[in-house]
Every structure is written in structure tokens, then in C-alpha cells.
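Below: one structure, written as C-alpha cells.
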Amino acid sequence: MAPSPPRGLAIWSVALWTILLAFIATTASALDESQAGIIDWHHRWIGTPKMSANVRNVRGSNTVYVATDKNVVASVKAKSGELLWRQVLREDEPVHAIRTHAGHVVALTGTKDFHVRLLDAKTGQPHWDFTPSGEGSSEFGQAVTTTKEDGHLIVLNEGAHVRKLNSKSGIQIWHWKAQAGSPTTYFSVLEANGFAGSEDVIYVLGLQRGIAAYSLEVVALESATGKYIKTFNIKSKIDTITDVLTLGGGTPHKAGYVAWLEQDYLKVLTLGTEKTTQSTLKIIISHVPAFEQLQAPLAFVDLGLPEGYTEFLLAGTVGEYNDAKAAVLLNIDASGKADIVYDFGERTGFSAWSATTLPGTEEVVVLRAYRDDPEVAVLEVVNTKERKITLEQQIPLDFDKFAHFTFASLELYNKGQGIQTRAYFSTLDGSFHAFSDVEFESWYREESLAYAKDVEIVDLPERKLWTQDVDETGHVKSAKNESIVAHYIERLTSHVLQLKDLPAFMLSYANPSSLFTRAPVAVPYSEVEIGVNKTIQPLYRDQFGLRKILIFSTEKGKIVAVDSANKGQIIWSRLFSMGHDIKNVVVVRHANVRLPPVLAVIAQTEDGGNNKVIRMYRIDALTGKDYESGNFFFPAAAWIPAGYLSAFKLPLEDPEEKTQVLCLVDDRMHITTFPTTDAVEQAFKALSDDFYFTLESKVGAKEINGYKAIVSAETDRMDVEPTWNIPFPAGEEIFENNVVYTFWSEGETSTSAKGYQAVSLELYESDTRNQRTKSDTFSSFTAEKPHVIAQSFPFSQAPSAIGVTTTKAGISAKDILFGLSRHTIMAVNHRFLDPRRPTAAPTALEKEEMLIPYSPIPDDARLYLSYNLEVANVKKIVTSPTLLESTTVVVAFGQDVFVTRHAPSKTFDILNEDFSKAQLMLTMVALVVVLFITKPMVVKKELKELWY
């Protein structure tokens, strides 16, 4: 009798299911220390450059040194935009001046404490740091120059102190101080041609306060000793420091000049004398056709030329609508008079200027950067000696992303038989760009992210949802009229085409991190965008929901969408009009079948009468473009004539658009819903009797205020009225029934230790264990105050931000995330901040609840999520759950952006990194082989049993 077929079929089924389960099991990778730089990424930002310096070299410099408005001095690789090093200074330590000297960088910084540093050009580390005791800095009283003979530094500080410092050691050689109570504030120092009896002279230029204006004062000091020589008081009437310019000098053999604007005249003083020349501005204007429609007074433009050069610009706003700039280049001749050299004409929009010299010569070349149209900008280079344009280069520069120029720097260098041009510039959105006429040496850095103030995290759509809008090969099409047979053939064809990827798919299982981007830790500077064209990977959710879109809103009025998975690749960016202060970004619709996720961007601006206006925009989260629904009640943009107070989503959904209704609260204490349809308003009014919400105010001390929505009896309009308010410490984190905040403690007594304290509060409905309330019902507005258990813990770090992990179901333990002033991120398990931690020996019940005996918060390097990375000035930490209950996505930002994945309770729902997939596969194969071998034996045995 033959064996039963179902039994053999069952054996093969078991074998096939075993292999299938092995493949499924191998799709999970672990998250551990070895994935540093793989599952996380870190973008180092420096902010928007406001001044630059480079080593002048006929063959071009390899780096450009910049100082930014984020108080950073940095070295950026000229060819690629790579950040070589940076010095992140304190928030109260702005950079006043930088310059190169003897192959290094000199930086003047500080407000309360003034610093002069000599930074190593290759590493950024200070060779020396000179800090005069008891001196700060003034608004415009800091300057630095060098002496030609001995190469030392002459430094001006606080508008009153002049020092000569040894450039190699930083040791003070001499010190001159203005008389106490002097009405003069000094603003510049210059080595220049001396006068009778004094040849080696340092000139200190100042403005002496008068009743209606300033007058010019020049003090001459002996360069070698700092000995006072003479004071020149120049009769003048100067309105502001911006009306004065220092020119020439640089050596004891060149004449120095001071040019200033005084009423209707341009005046020039030759240093070392009281000789002044003047030119009538009307005559200058008459020689410049573009100045015929001058709409504002002329002003100086600093070209950034080094000492020794006497060229300068006069520029003014022109045009019927004040929408253009005109400028003229002037030069001071040997007699001290300013002559017109070149008329730059009129250009629309804002212009940024810079100047340098032709390699190996003293011929001045001027760069003008301006916008030609919304899509294109122009870099115009003029040789002032030949008085002609030598380069007029159009570059793609989208106005909706970058707007106007704010800063420019020009470099020329020899390459082969020709001269190459490299221009650096910043734009209004905060980004930093470089153009080069050498292929592949143009780049830009999205420095607007250094000003990120909030982030909204958007979940990506599943690929299967979008297959209803695209065909099997990914091309957009309409599939409504296709037959089932056509669909089947199309799908079968696509599956056959995908067979070519099967070998690579099989090999990927040998890689323990096949689900993650395995890029080196030092990925080729992913914060730099090379060129203007790039490939964006299709935006689909990954298997575990780890890939998301991070929507950053910045202080510059820009929205930047970043891919959390691909090393922070920028997906899209959009700059809103000037004057837009972005207050909130809200996801009003998550990805749905055939419907993309939609963002509501709320900004505050002003109208022509300086009245506050709230503007709201609906944009597609996948593309950054306006979301046009075609419905009159769902416009892509709307506005309210009031100031912004708050915005949040209501528990209502519009049936047509599938978007959540947005509630806007303005400073008139009025509520506006969006969309503003009758159905939405009626639904909201039905909720108003039970609708309460909270708002935060940060005027002085922080407060949390409770409000109730009401319907105005007079206007039938939705308003709000206050119900309660609670003062609260700044920098707190509230989650579930817990509150965590930090503060600086001076100690209870004069002998107590000082330091930071982390305070943890737990709120309960009753002080009786396992008892909620005395009644069966509970109301937040009638019940007594909650029972609070509080405890403070010594914290050895200075925190700058607090966050908390969030997971999909809330099963995993909570970690409290601290951004620290040492530029790192620390994860502390909530058990360390449990206010019930026993201060004595724990009882049996406390041991059962796994309460840890009281102790300070541990300072353990293993708790640092950012390991050895310098994540500068973290201001906020936001987390987002994934499809893995164990894992959350952490986004920390401030000046830098750091994104990682964190598992507070370890990765209990996926296999560990050290799980041997190869061994599992070999085991499965061995089992299949055993089945092949044992099957005939079993069949033979069963047959034998049937015979006997």
C-alpha cells in the first residue's frame, strides 16, 4: 500500500514555510553602538557669513575663512564647501572682525569680555587668546590692523583702548588709553605715512560727540612705543558712523585718508595733516545718469579691500518704485580728491559688492551680485583700470528659495594661462553659496537650518497607497478605464522585470544592516549641495516607518523639508515673502489614498499700514508647492487682519478634503476656523460648551493659561475667555502625568553646593494609593488640585533643551532627553528621575516597583546619544514614534541638526545586530537536506509497518 500523499505534502509544506520564515526573520536589523554614523546623521552649520577673509595667493586659496551672525568663525573648503573647522563662540560673543595674518586667522570677539585670538589656519585651535581685564566692547569701537615693519597687531577695543600685540605670542607691547570721560569714541586704526618729525605713525580715528552731530578726531601714536604724538581735530558734521570710511595707508610709506559724507558734500582728509578736500554730491550725481531718479541719500559701500587701496563706492536707491540700486566707483588721487572711476549703472533689486585685485598686480576688480529675474541672478565683474566688464555670469538662483543677496566676496587666481573667478555670497534666506567658473566647484550650504526654531515631522505614504495613482513601473497615469486583464498583464510584466534585482536582494541578507543606509561616518559632507541638480529618491515609507520628512521652520522665514533617512538630504525648500515670521507649521492631513499629506503654514506679517496680519498657506508636504484643491472654501492662501496668538487642530475633519479643521486664535481673542464653511462652524459651535485649551505666554516669567471657547451673543462669533493660569519654569517637558524641568540652584545656605538641579513632578488624582477620586465622575474644572510628588536631583550638566521619547503604543519606557551646553545630547531613563526614589534603604514594595535609591543624575558617557559629536547649541528636541514600538526618531536642533533612532527599552521587537543570519540560513538548508534524506527512510518504515 502506497504512503498517503497528504503526509508527503505536509513535509514539503513545513520545509517551505521554514525557509520563508527564515527570510522574514532576517529582514530585521538591530540598532546598537556599531551603527553610529549609519542610523544617525549630523549636519554642522555655521550660520550666515557677514564677513570673510582668505590668504591672498596668485594660485588661489584652498579655504575661505568666514565669521557669521551665529557667532562662529569657520574655515570652509573653497572647492567643495566642506566645513574644515569651526569655533562656536558663546551667544554673548559676537565677532567684530577677522583677517588673515602670517598664514593664520585673527579674530576680535566678545561683548562683556573682549578677546583677540590667533587661530591656526588648519585646525582652528587658538595659538593664543588675549583678554584685557575689565574691558568689554562697544557698538563700533573694535578694529585691528598690522604693522608693516615688524608684522605685529594694532588692536582697538571699546572705542578707547589701543594696544600693540606680539603676533606670535599675543603679549602686549604697549597700551594707549583715551582720557576718562572723553566724548570721543574711536572706531579705526591705521598705519600710514607720517608727518614732519614722526614717520612711523599709527593713526587712531574717532568721532567726537557734539550737540547736533559728530566731529572727526584723529590721534597720532608712535608705532614702536605707543607714545602719544598729536591730536588733529577736524571741523566736520557727521551724522553716523556709516558716513565715514578709512582708506589707503597700510605701510609707513603710503598716505592714509578718511572720507565722510557731510550734508551735500563728500569730504576727504589726508591723515597726518588737516588738509581736506570736498566734492559736491550734486556734481557727482550729475555725472551719473542712473542717479537722476535718486530716491534716498547716497551711502558708502565697503568693498572689503585691504589697507593701501583708495577705491570706494557710493550707492543709492533709484527707480520709480525704490526697487533698484545705482552705484559709482571713486578713487582718491594724490592730491586727496575723490574722482569718478566707473559708473556701474542701475540694476533692479538689492546688490552685494566685493573687490579684490588681479593676481600679481594692484589692479582693483569689483564684483556686483544682483538678481536679474525670479529665476536667475547675475555676477558682474568689472576691471576698474580697464573700465570694462570682464565677466557677466548668469547663475540659477530661485527667488522662492533664496531671495536677494546679503553678502559677497570675490577671489581671482591664476590657473594655466588664464584667470579664474570664484565668488562667495549669502542670500536673504541665510544660505551660503559659491560660484566658480571651474566645473563642479560651485556649491551651496543650506545655512538657513542654523536658524531652525521648530520642526514638524510628517509620516510618508506607503508605496501600496500610491499604486492606485501610478502604473506598475511608477509612471503617473489614469487607470480608471483599464480592464482587469490589462491590470493583470501589467502587474505580471512588472514582476518579471523586477526579477533582475533578485540576486542583489538575496545577497543583501548577508549584510546585517541591510535595512539602513550604510554610508561612512564622514559621509562626503552631506550638508553641502554640490551644483544645482540632484536626484531625490522616491518618497515612500520604509518597512518600519523610520523614514520621515522633517519640516523645519526658520527664523529667516524659510521652510526646509529634510529626508530623515538619506543623511538629511534636502527634499525641497521655500522662502516666504520678506517680513513673514513663521509662527506654526501643522500637518492637517496625513498621507491618504490618492491624497498627499498637507501642511498649514501660519505666519505673521504686516500690511502697508504696519498692522499685524495672519497669513496661512496650504502646501503639499511632498513637494512644497501650494496645494490647490479647486474648492472655493479651501484656498491655498488666506489671511486674517490680526496678530497671531495660537493655532491647533480640532477634533473635526472636513468630509470633502479629509483635512483636520484648524483653529486660529488671534490677539483679539477671536477664533477663526479653517476651512470657514458653515458645516465646520456649526460643528465647532456644537463643541464650544465643552471646549477648553491651553496657551503659553513668555512675557517675563512663563505662564500656562487655560481658556474656554464661547459664542459671542452679539456677533455670533467664536471668542475665547480665560479660565485659569499657572506660572511655570521655562524649559520644562510635560508628558503623561509627569513634569520635568531644570534650574540653577544657589544652595539653601551659603555653604551649600551650587549647581543645576533636575526637578521631577508626578501628578495624581488622589493622595490615596490606587484611588482616583471620591466620586464616580471627574472634571478638570471642578476637581481639587492634583496630588503632586516632587523631587530634585543634582545634575552636573548645564541643559539647553529637554525632550521625551514617544512610541506608537507607549509600552516602551520613557527616556528624558537633555540637550547640554557642552554640545551633546544625553538620554536619561525616567527611572532615574522618578520622584519616588527612596532616600533610605528601599523597602520590599519599593524593590518590587524597581525603584532606584536616590542619587544624582549619572554623568555617564554611555548615555550620550550623540557620542563624540559636537552638536552645537541644541535649543529643542522633538521625537516621533515609528511602526516599531521599541524605537523612536529623535530630532535635535538649534544651530546644528542631529537625527538618530533611539530604543529606550532596547530593540525587543527586532533581531539584534549580532544575530547570525548566515547560521540561520545554514540551519534551514541543513533541515531541508535532512528532510530529503529521511523522507525515503520514513516511507520505507511506514511501508514495512503496513506489511507486518
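The values are calculated or read from the model by the stated rules, or taken from the named source; none is laboratory data. A quick note: this is a predicted structure, and the numbers were derived from the prediction, not measured. Reconstructed Cβ throughout: ideal geometry from the backbone, glycine too, with neighbour counts over all protein chains shown. These accessible areas exclude ligands, DNA and RNA; they are computed on the full protein's heavy atoms, side chains included. Shrake-Rupley method; radii C 1.70, N 1.55, O 1.52, S 1.80 Å.
Could you please find all residues in the range 882-912 being over 24 Å from Pro799 (Cβ atoms) and either surrounded by fewer than 16 Cβ atoms within 10 Å (Cβ to Cβ) or in contact with a Ser or Thr (Cβ under 6 Å, 6 or more places away or on another chain) (or both)?
Across the range 882-912, the qualifying residues are Leu883, Glu885, Ser886, Lys906, Thr907, Phe908, Asp909, Asn912.
How many residues does the range 66-82 contain that are in a strand (DSSP E or B) and either open to solvent by less than 10 Å² (accessible area, probe 1.4 Å) or at pLDDT 95 or above (or both)?
8
For the range 571-594, name all the residues that are under 25 Å from Phe544 (Cβ atoms) and surrounded by fewer than 18 Cβ atoms within 10 Å (Cβ to Cβ).
Listed by number, the residues that qualify are His590, Asn592, Val593, Arg594.
Would you say Asn533 is modelled with pLDDT under 55, more than 25 Å from the chain's Cα centre (by Cα), open to solvent by 30 Å² or more (accessible area, probe 1.4 Å) and not assigned by TED's automatic domain parsing to the domain that holds Ala892?
So Asn533 does not fit the description; no.
Taking only pairs six or more apart or across chains, which ones have beta-carbon atoms under 9 Å, a first residue in the range 76-104 that is within 22 Å of Gln420 (Cα to Cα), and a second residue that is of a type in the set (S, T, N, Q) and surrounded by fewer than 16 Cβ atoms within 10 Å (Cβ to Cβ)?
Every condition considered, the pairs that remain are Lys77/Asn62; Ala78/Asn62; Lys79/Asn62.
Do the conditions hold for Val105, that is, is it open to solvent by less than 30 Å² (accessible area, probe 1.4 Å) and within 26 Å of Leu820 (Cα to Cα)?
no
Would you check if Phe632 is closer than 15 Å to Thr672 by Cβ, surrounded by fewer than 19 Cβ atoms within 10 Å (Cβ to Cβ) and not assigned by TED's automatic domain parsing to the domain that holds Val899?
So Phe632 fails the test.
Going by the conditions given, is Leu314 buried (at least 22 other Cβ atoms within 10 Å of the Cβ) and in contact (Cβ under 8 Å) with a residue 24 or more places away in the chain?
For Leu314, the condition - buried (at least 22 other Cβ atoms within 10 Å of the Cβ) and in contact (Cβ under 8 Å) with a residue 24 or more places away in the chain - is met.
Check Ala450, Ala377, Ala369 and return the single one that is out of contact with any strand residue (DSSP E or B) (no Cβ under 6 Å at 6 or more places or on another chain), of a type in the set (A, V, I, L, M) and open to solvent by less than 20 Å² (accessible area, probe 1.4 Å).
Selected residue: Ala450, the only one of Ala450, Ala377, Ala369 that is out of contact with any strand residue (DSSP E or B) (no Cβ under 6 Å at 6 or more places or on another chain), of a type in the set (A, V, I, L, M) and open to solvent by less than 20 Å² (accessible area, probe 1.4 Å).
Among the listed residues Ile340, Ile284, identify the single one that is closer than 30 Å to Leu428 by Cβ and not hydroxyl-bearing (Ser, Thr, Tyr).
From the options Ile340, Ile284, the qualifying one is Ile284.
Looking at the range 264-282, can you tell me whether even one residue there is surrounded by fewer than 16 Cβ atoms within 10 Å (Cβ to Cβ), without any contact (Cβ under 8 Å) to a residue 24 or more places away in the chain and within 30 Å of Gly197 (Cα to Cα)?
Yes, the range 264-282 has at least one match.
Select from the range 433-458 the residues that are within 19 Å of Val76 (Cβ to Cβ), of a type outside the set (D, E, K, R), in a strand (DSSP E or B) and in contact with a Phe, Trp or Tyr (Cβ under 6 Å, 6 or more places away or on another chain) and list them in ascending order.
Within the range 433-458, His433, Ala434 meet the criteria.
Leu817 - would you say it is at pLDDT 90 or above and part of a loop (DSSP other than H, G, I, E, B)?
Against the criterion (at pLDDT 90 or above and part of a loop (DSSP other than H, G, I, E, B)), Leu817 does not qualify.
Residues checked against (1) among the hydroxyl-bearing types (Ser, Thr, Tyr); (2) free of Cβ contacts under 8 Å to residues at least 24 places away in the same chain:
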position	(1), (2)
Ala355	no, no
Thr361	yes, yes
Tyr370	yes, no
Val376	no, yes
Val382	no, no
Lys385	no, yes
Lys388	no, yes
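For the range 811-837, name all the residues that are charged (D, E, K, R) and buried (at least 17 other Cβ atoms within 10 Å of the Cβ).
Correct list: Lys814, Asp815, Asp834, Arg837.
Would you mind telling me which numbered condition in (1) hydroxyl-bearing (Ser, Thr, Tyr); (2) touching a residue at least 40 places away in the same chain (Cβ under 8 Å); (3) closer than 22 Å to Ala178 by Cβ Thr251 fails?
(3)
For the range 334-349, does any single residue satisfy the condition of being closer than 26 Å to Lys282 by Cα and out of contact with any strand residue (DSSP E or B) (no Cβ under 8 Å at 6 or more places or on another chain)?
Checking the range 334-349: at least one residue is closer than 26 Å to Lys282 by Cα and out of contact with any strand residue (DSSP E or B) (no Cβ under 8 Å at 6 or more places or on another chain).
Any residue at all in the range 51-64 that's in contact with a Phe, Trp or Tyr (Cβ under 6 Å, 6 or more places away or on another chain), open to solvent by 10 Å² or more (accessible area, probe 1.4 Å) and assigned to a strand (DSSP E or B)?
yes
Matching residues to (1) in contact with a helix residue (DSSP H, G or I) (Cβ under 6 Å, 6 or more places away or on another chain); (2) outside any loop (DSSP other than H, G, I, E, B); (3) assigned by TED's automatic domain parsing to the domain that holds Pro881; (4) at pLDDT below 95:
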| site | (1), (2), (3), (4) |
| --- | --- |
| Ile559 | no, yes, no, no |
| Ile571 | no, yes, no, yes |
| Met578 | no, no, no, yes |
| Asn610 | no, no, no, yes |
| Arg618 | no, yes, no, yes |
| Leu622 | no, no, no, yes |
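The conditions are (1) open to solvent by 20 Å² or more (accessible area, probe 1.4 Å); (2) modelled with pLDDT of 50 or more, and Val523 fails exactly one of them. Which is it?
If we test Val523 against (1) open to solvent by 20 Å² or more (accessible area, probe 1.4 Å); (2) modelled with pLDDT of 50 or more, just (2) comes out false.
Any residue in the range 925-946 that's touching a residue at least 12 places away in the same chain (Cβ under 8 Å): show its pairings with residues that are open to solvent by 70 Å² or more (accessible area, probe 1.4 Å) at Cβ separation under 7 Å, as long as the two are six or more apart or on different chains.
Correct list of pairs: Leu946/Met1.
Which one is nearest to the chain's Cα centre (by Cα) among residues in the range 183-206 that are aromatic (Phe, Trp, Tyr) and open to solvent by less than 20 Å² (accessible area, probe 1.4 Å)?
Tyr186
So for the range 319-328 (the condition being without any contact (Cβ under 8 Å) to a residue 24 or more places away in the chain and open to solvent by 30 Å² or more (accessible area, probe 1.4 Å)), does at least one residue qualify?
Yes, the range 319-328 contains a residue that is without any contact (Cβ under 8 Å) to a residue 24 or more places away in the chain and open to solvent by 30 Å² or more (accessible area, probe 1.4 Å).
Kindly indicate which of Leu817, Leu869, Leu884 is closer than 22 Å to Trp744 by Cα, touching a residue at least 24 places away in the same chain (Cβ under 8 Å) and among the aliphatic types (A, V, I, L, M).
Only one candidate passes the filter, namely Leu817.
Quick one: how many residues across the range 286-303 are out of contact with any Asp or Glu (no Cβ under 8 Å at 6 or more places or on another chain), crowded, with 16+ Cβ neighbours inside 10 Å and modelled with pLDDT of 90 or more?
3
Take the residues in the range 550-568 that are of a type in the set (S, T, N, Q) and over 14 Å from the mean Cα position of the chain (by Cα), then tell me which one is nearest to Asp666 (Cα to Cα).
Only one residue tops the list, namely Ser564.
Go through the range 134-182 and count every residue that is open to solvent by 20 Å² or more (accessible area, probe 1.4 Å), closer than 16 Å to His96 by Cβ and of a type in the set (Gly, Ala, Ser).
Looking only at that region, the number is 3.
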